[in-house]
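Heads up, the thing below is written out as structure tokens.
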Amino acid sequence: MQYRTIVRILGLLVALFSVTMIPPAIVSLIFQDGSGLPFIMAFVLCLITGLLIWYPNRRFRKDLRAKEGFLIVVLFWTVLASFGALPFLLLEQPEMSATDAFFEAFSGLTTTGATVIEGIDYLPKAVQFYRQQLQWFGGMGIIVLAVAILPLLGVGGMQLYRAETPGPVKDSKMTPRIADTAKHLWYIYFSITIACSIAYWLAGMSWFDAICHSFSTVAIGGFSTYDASLGQFDSVFVNLVCVVFLWIAALNFALHYAAVNGRTLKGYLYDPELRVFFIIQIALVLICFVTLIEYSWFEDAGIALDQALLQSVSMSTTAGFATTDFAHWPAFLPIMLIFSSFIGGCAGSTGGGLKVIRVFLLYLQGKREVNRLIHPKAIYSVKVGGRALPDRVVEAVWGFFSAYAMIFVIIMVCLIGTGMDDVSAFTATAATLNNLGPGLGSVAGTYAEVSDSGKWLLVLAMLFGRLEVFSLLVLFSPTFWRS
């Protein structure tokens, strides 16, 4: 294991991460909210620590194997999120314990969107901005890792998707060099964020709110500058902007790259995962809309459609924005929306969950097994986009699903052991493992009432969900640490 090379890379990452403390300090200066000093202090601490870690190891530049890649990916999120907690620890408003500070930082950087803060409306502008910015940088990290880096290590959902399905993203990386890939992805991600900010502003938000909400929308994070989330604006146009850009961010970013680079939309039209994604989206919206109409939950059909559209898309893409208290919606809708987050976005998107392509393959495999029972001697294959997939791909998906379910059950049972009720434990685990945010029961609003031990369990769930389980699970294997 090339430990000193890994430490050198981490030192550089921490030093670079220190720069993210500067924008909130500038926001504090603009709005004169008096909260700039903690961000300056955090900047200095991050920069000095990063340089102290990097300097003694600066000459270690050995080639890394896949094993080192796994470790770097895990440390990328854990170390940076830990340093991201510094401003929360140093701030006077809100005054947060160490557990709450780490919970909020991990929730932000993993784009989970669960919060322990109450009274977000009254926070200093710099703190509001920093929470949103954490999600934006986390979303960019997800894209670069999922599309450019993890496939090269063989640990990402994009690996099986690109290698085994036809389309514009079959190669192991989109450009000859990872740096070029990351640069192009930055351009696309930044451009979508700018477009989202302008759209929110045109829909009636202030520039500050528009920028902040574009950060969490494109990252599919769900943080807001208000306790009421998007419900604060009570605007159909704001809701529509949110839905459109959540859909864009939930699609495979490699498809966005192919569309920009090739100046053609064919990649979208022929992508099987995209088609399944929108079939699921339309079905969820229709089910919610019809049920709300049937129960006369809203006095007007237009309002019912607006609420059904926003909540369905927000929950199923794992954003977690809210315009109403969906936990009290009639019949099965709250549970259905929580379960929809297990599907999540497409592979290579900023969304969480199992990913659409995996769920689709699980469905196809189930269908194949039913056909085999009916015709035992027939030969059936799992096909995506007209191409038969090797059995090893389906086996990998089943392995991922099994690990996902195992982690879910263990964390949920442990939460119940901390004293949390069954519904809250189930939905809190789903909301954090799927990087969704809001749950039901005692975690429908904030996670402030969760015990410290429960919060650390949920932080672990956030990491498992963001790292797609195996990237973190592999570190618990004794084989991994053998040279």
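Run the helix sum for the chain: -39,500 (n - 2.57) per DSSP H stretch of 4+ residues, divided by residue count, reported at 222 nm to the nearest 500 deg cm²/dmol.
Details: 22 runs with 301 residues, N = 483.
It lands at -20000 deg cm²/dmol.
So what is the relative contact order of segment 269-371, in percent, for Cα pairs below 8 Å that sit 6 or more residues apart? Relative CO of segment 269-371 lands at 23 percent. Backbone geometry of segment 241-258 corresponds, through the Karplus equation with coefficients 6.51, -1.76 and 1.60 at θ = phi - 60°, to 3J(HN,Hα) couplings of 4, 4, 4, 4, 6, 5, 4, 4, 6, 7, 8, 4, 5, 5, 5, 4, 4, 4 Hz, x marking Gly and Pro.
How compact is segment 54-106 by the rule of thumb for globular proteins, expressed as Cα Rg over 2.2 N^0.38 Å?
For segment 54-106, the normalised Cα radius of gyration is 1.55.
Using a ≥ b ≥ c from the Cα gyration tensor of segment 263-400 (square roots of the eigenvalues), is it rounded, prolate or oblate, where a/c under 1.5 gives rounded and otherwise the larger of a/b and b/c decides, a/b for prolate? It comes out prolate by the Cα gyration axes. Normalised by residue number, the volume inside the convex hull of the Cα atoms of segment 354-467 is 119 Å³ per residue. In angstrom, the C-alpha Rg and Dmax of segment 416-461 are 9.0, 23. The shape of segment 430-483 can be summarised by an equivalent ellipsoid whose semi-axes, obtained from the alpha carbon gyration tensor, come to 28, 12, 6 Å from longest to shortest.
Per the Debye formula on identical point scatterers at the alpha carbon atoms of the chain, with no solvent, log10 I(q)/I(0) at q = 0.09, 0.12 Å⁻¹ is -0.59, -1.09.
The distance separating the Cα centre of segment 204-244 from that of segment 373-422 comes to 34 Å. The gain in end-to-end length when the residue 380 to residue 392 segment is fully stretched comes to 2.9 nm, 0.36 nm per residue minus the alpha carbon separation.
Quick note: the coordinates plus some simple rules give every number you see, no bench work behind them. Computed from a predicted structure; not experimentally measured.
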